[in-house]
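The values are calculated or read from the model by the stated rules, or taken from the named source; none is laboratory data. Just so it is clear, the structure is predicted and the values come from calculations on it, not from any experiment. Cβ: placed from backbone, ideal geometry, glycine included. Neighbour counts: every protein chain shown. Ligands, DNA and RNA are stripped out before the accessible areas are found, and what is left, the full protein with its side chains, is counted by its heavy atoms. Shrake-Rupley method; radii C 1.70, N 1.55, O 1.52, S 1.80 Å.
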Amino acid sequence: DIEYVFAVQADNWKTRAPGGAFAGQNSTFLHAVTARAPSAPPFVVRSGGDKDTVELSWGTPSDDGGSAIMRYAIFRNDGQGGTHFTDAMGGAIVNYTQTAALITGLSAGYYYAFQ
């Protein structure tokens with residue numbers, strides 16, 4: 001990872017220092033890490049569950065995009081063929097060290113799709 005630090009400084013005739021250097025005040029610093037999206041987690045399978053839960057497991061992505069994986073997000077549809085996906089974990093974070101999660105609150109007889 002490469003971390004860059006940025007600050008913005010305004011200048012006018014009052015803040016111009018001798019020799020052309022800026023003498024205005026800096027903004028707060030912004031730290032940015034160059035990276036791209038990681039590859040998709042491979043081998044997503046149902047590894048357990050019962051009539052109203054599903055346990056999913058997956059492999060670690062082969063490419064982290066240039067920055068360490070921090071967490072996983074799991075989304076599901078409405079179970080009735082809908083194409084809108086919502087947070088399947090109810091806001092809970094799946095830590096980067098985990099490669100499995102239990103999805104609860106499902107209804108028996110519905111066909112859920114996960115991403």
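Summary table
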{"read-out": "Criterion: at pLDDT 85 or above, open to solvent by 40 Å² or more (accessible area, probe 1.4 Å), part of a loop (DSSP other than H, G, I, E, B) and farther than 16 Å from residue 114 by Cβ - qualifying residue of 78, 63", "value": "63"}
{"read-out": "Single residue of 86, 104 found to be of a type in the set (S, T, N, Q), open to solvent by 80 Å² or more (accessible area, probe 1.4 Å) and modelled with pLDDT of 80 or more", "value": "104"}
{"read-out": "Some residue of the stretch 23-40 being of a type in the set (A, V, I, L, M, F, W, C) and modelled with pLDDT of 90 or more", "value": "yes"}
{"read-out": "Filter pass, residue 43 being on the phi > 0 side of the Ramachandran plot, out of contact with any helix residue (DSSP H, G or I) (no Cβ under 6 Å at 6 or more places or on another chain), at pLDDT 90 or above and not small (Gly, Ala, Ser)", "value": "yes"}
{"read-out": "Filtered residue count, the stretch 89-100, keeping only those that are open to solvent by 50 Å² or more (accessible area, probe 1.4 Å), part of a loop (DSSP other than H, G, I, E, B) and at pLDDT below 90", "value": "6"}
